[in-house]
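Visitor: Handing you this structure, nothing more for now.
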Amino acid sequence: MRTKYFQEWFSNPGRDVIAGTVVALALIPESIAFAIIAGVDPKVALYASFCIAITIAFVGGRPGMISASTGAMALLIGSLVANHGVQYLLAATLLTGLLQVLCGVFKLANLMRFVSKSVVTGFVNALAILYFITQVKEFQGQDWVMYAMVAGGLIIIYGLPRITTAVPSPLICIIVLTTVSITMGLDSLNTVGEMGQLPSSLPSLFFPDVPLNWETLMIILPYAIPLTVVGLLESLMTAGILDDFTDTESDKNRECKGQGISNLVAGMFGGMAGCAMIGQSVINVKSGGRGRLSTCASGVVLLILILVLDDLVNQIPIAALVAVMLMVSFGTFNWSSIKGLRDNHRTSSVVMIATVVTVVFTHNLAIGVGIGVLLSALFFAYKVSRLLDISSQPDVSKNARTYNVSGQLFFVSADSFTEAFDFHEVLDTVIINVTHAHFWDLSAVAALDRVVLKFRREGTEVEIVGMNEASKTLVLKVATHDKPGAMDEVDAH
């Protein structure tokens, strides 16, 4: 265990530190932008990014994943800050952290298995589109210099790896474009310093100045719950994506607890709630970051940049960071999913597109994933119901007919099951063979009860054979708790 943890930290320290530095440079303008969205001072988001990145490096379940303040979380807390102030935001952050820790303790990350691949693909594509839209807005009101700088940055990012991969191309892009901007005096370009004032001191430990009573809980709980859900959804999906990128596994329940602990630390040091960042995580991985050291380095370097090198950081042109984020957008989008629209089953494509459209238009990850999961469940239920097969063989000598049922019986297939029987045929005996069938819910039992009642009304005796133990238990349980019916007299052997 110790050897594995050591490997997660120091398997590739050089690349991890460099990758963390690249991430830290991109975190500054993003954190400031998220602070503006949330309606708080930039230091609230920057402190959060520093605290979360450092903490998650030690307690997270996915090495190399970057967590900090995010746009998805900032969108959820704007009204809380506007109506009640920053202190209640910090209290909501603490409650969010506590709820996320509890989710990890009770292993709720296992629920991610219900999120289909189509939903994950839709989520990734939606974030890529949102990243692109956000960066396009940076071109508004800019002259040709902005376009030229971004184009030059993209040439460096995609061209340098053809020459050497010793240094991450995004870092070189930021250094070169900043040098060009300063030496040529390109005053028309927006810089990081114009987005907001960087903090000048370390964060201090304190508890939110709010009354500890029921009223406070009722104010922050409606915000803490969606913050918990969105934060874990984005974190667990990002962890899954990095699992695929790096061909490694991660502990999702540990990640839930880690995100919760990180938000508890952020809240106690004056920061807003955050979660994993798919964009920055992709930057980290593509820059060579694989271990926990890269995540830790991103937080440490971020603090150094905003406290020691703030004058230099303030001069970084936004064009350089736009180029990096456009690379993230292009790299995040699952381009093979476009081809998949033609090759995959139509229902999978519908789920993916619905997830993308919902997330892009609502900017709410939870709603988009919820729609995708709901559609996946409905399509799956429909597919399973179509597998129900009922055939019959007559026995003329005994004036009887045997119905052979194969498939899954539940609320979707219940009506099809009932409609498969001919109640007008004059028979002495009907045998319903359910050896290859399974009864899942009350609707299935009610459908079987209805079939038996209809045959008995016509004077036909009914025998049910082959029922498995699980189905028999459900049938007998319903017969015991409901009013006496035809099933009470059927020998389901």
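Visitor: May I have the convex hull volume per residue, in Å³, for the Cα set of the chain?
Guide: That works out to 199 Å³ per residue.
Visitor: Let me ask something else about it. Rounded to the nearest 0.05, what FRET efficiency do L111 and L341 have when you use their Cβ-Cβ distance and R0 = 30 Å?
Guide: For R0 = 30 Å, the calculated efficiency reads 0.60.
Visitor: Ok, one more. Rounded to two decimals, what ratio of Rg to Rh does region 129-275 give with C-alpha atoms and a Kirkwood Rh?
Guide: Result for region 129-275 is an Rg/Rh of 1.06.
Visitor: Students often get this wrong, so check it: of K398/K477; K117/K257; K137/K286; K252/K286, which have C-alpha atoms separated by over 29 Å?
Guide: K398/K477
Visitor: Relative contact order for region 387-489: what is it in percent, counting Cα pairs under 8 Å that are at least 6 residues apart?
Guide: In percent, rounded to a whole number, it is 26.
Visitor: What lysines sit close enough to K472 to cross-link, taking a C-alpha to C-alpha distance under 18 Å and skipping anything fewer than 8 places away on the same chain?
Guide: K483
Visitor: Further question: Scale the Cα Rg of region 387-489 by the rule-of-thumb value 2.2 N^0.38 Å and send over the ratio, two decimals.
Guide: 1.01
Visitor: Out of residues 5 or more away from I432 or on other chains, whose amide H comes under 5 Å of its own, with H placed 1.01 Å from N in the peptide plane?
Guide: So I432 has HN proximity to Y403, E463, I464, V465.
Visitor: Can you list, bin by bin at 5 Å, the percent of alpha carbon pairs in region 1-106, starting at 0?
Guide: In whole percents, the pair-distance histogram is 2, 11, 18, 21, 17, 14, 10, 5, 2, 0.
Visitor: Return the tail of the calculated pair distribution for region 399-456, meaning the percent of Cα-Cα pairs more than 19 Å apart.
Guide: Distances greater than 19 Å cover 23 percent of the Cα pairs.
Visitor: Let me ask something additional. Compute the distance in nm between two label points, each set 7 Å from the Cα along the Cα-to-Cβ direction, one at I172 and one at S406.
Guide: Roughly 6.2 nm, to one decimal.
Visitor: Write down the Kirkwood hydrodynamic radius of region 60-166, to one decimal in angstroms, obtained as one divided by the mean of 1/r over all alpha carbon pairs.
Guide: Every distinct Cα pair counted, the radius reaches 18.5 Å.
Visitor: Length gain on complete extension for the stretch K454 to H363, per 0.36 nm per residue less the alpha carbon to alpha carbon distance?
Guide: Between K454 and H363, full extension yields an extra 27.5 nm.
Visitor: Let me ask you something else. Using a cut-off of 17 Å between alpha-carbon atoms, which aspartates and glutamates can reach K4, once sequence neighbours fewer than 8 places away in the same chain are excluded?
Guide: D16, D243, D247, E249, D251, E255
Visitor: Could I have the simple spin-label model distance between D389 and N334, label points 7 Å from Cα toward Cβ, reported in nm to one decimal?
Guide: Placing both labels 7 Å beyond Cα along the Cβ direction yields 3.2 nm.
Each value in this text was obtained by applying a stated rule to the coordinates, not by laboratory testing. As the structure is a computational prediction, the values presented were derived from the model and not from experiment. For neighbour counting, all protein chains shown are included, and Cβ atoms are generated from backbone atoms with ideal geometry for every residue, glycine included.
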